[in-house]
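Notes to accompany the following structure.
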Amino acid sequence: MKLNYSLTSGFASGDGATPTRDNVSSWILWAPVPAAELTADTTLDSTLYLTPRAIPQLTEDTLLLGVLAGEAGVDIDSSVDPQQLSYTDGASATMESARPLGLEAVRVVAAKSGAARRQAQRTLIDVPGDRQFHIMHELYER
């Protein structure tokens, strides 16, 4: 997976290309999980976010767990405009998954600190699936 994201919004795709309507299945949906609550048995809520700035009360202790829209079974409305999400202040999008997702669906983990990233790596070491771990301060900026 090659991550491509907007520094201003966190709107991202997992195929390395700029998010457009042509690669919707590669869009990354973010699930916030408090670092202290992450366990190998964690199930992601059905509410997912296309941009971290849509997440209420995002704190530096929150991990952002990214799943690909195509793997999450989320039907993204054709009116969602990636350019609006990436460059318009206040733009946000909340998506609903038809089912809760297990951690094996997570393809990317973003943290604000190295300590939170290391904790996520330790927690997810035995969870099946390939994933990337990043420190991405800019996703936590408002």
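The values are calculated or read from the model by the stated rules, or taken from the named source; none is laboratory data. Given the structure is predicted, the values throughout are model-derived calculations rather than measurements. We place every Cβ from the backbone using ideal geometry, glycine too, and count neighbours over all the protein chains shown. Keep in mind that these areas ignore ligands, DNA and RNA; they rest on the heavy atoms of the full protein, side chains included. Shrake-Rupley method; radii C 1.70, N 1.55, O 1.52, S 1.80 Å.
What to note about this one:
- Subset of region 11-32 [in contact with an Asp or Glu (Cβ under 9 Å, 6 or more places away or on another chain) and either among the aliphatic types (A, V, I, L, M) or farther than 20 Å from residue 46 by Cβ (or both)]: 21, 23, 26, 31
- Positions within region 25-42 being of a type in the set (A, V, I, L, M, F, W, C) and within 23 Å of residue 6 (Cα to Cα), in sequence order: 27, 28, 29, 30, 31, 33
- For region 24-42, filtered to residues that are open to solvent by less than 20 Å² (accessible area, probe 1.4 Å) and either acidic (Asp, Glu) or in a strand (DSSP E or B) (or both), the residue that is nearest to residue 125 (Cα to Cα) is 33.
- Within the option set 86, 92, being within 20 Å of residue 11 (Cα to Cα), out of contact with any helix residue (DSSP H, G or I) (no Cβ under 9 Å at 6 or more places or on another chain), at pLDDT below 95 and surrounded by 15 or more Cβ atoms within 10 Å (Cβ to Cβ) holds for one residue only, 86.
Table: residues versus (1) assigned to a strand (DSSP E or B); (2) free of Cβ contacts under 8 Å to residues at least 40 places away in the same chain; (3) more than 18 Å from residue 3 (Cβ to Cβ); (4) in contact with a Ser or Thr (Cβ under 7 Å, 6 or more places away or on another chain).
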| residue | (1), (2), (3), (4) |
| --- | --- |
| 53 | no, no, no, yes |
| 60 | no, no, yes, yes |
| 80 | no, yes, yes, no |
| 110 | yes, no, no, no |
| 122 | no, yes, yes, no |
| 139 | no, no, no, no |
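- With respect to the conditions (1) closer than 19 Å to residue 135 by Cα; (2) at pLDDT 90 or above; (3) β-branched (Val, Ile, Thr), residue 39 lacks only one, and its number is (1).
- Filtering region 1-23 to residues that are under 10 Å from the mean Cα position of the chain (by Cα) and either surrounded by fewer than 19 Cβ atoms within 10 Å (Cβ to Cβ) or outside any loop (DSSP other than H, G, I, E, B) (or both) leaves 12, 13.
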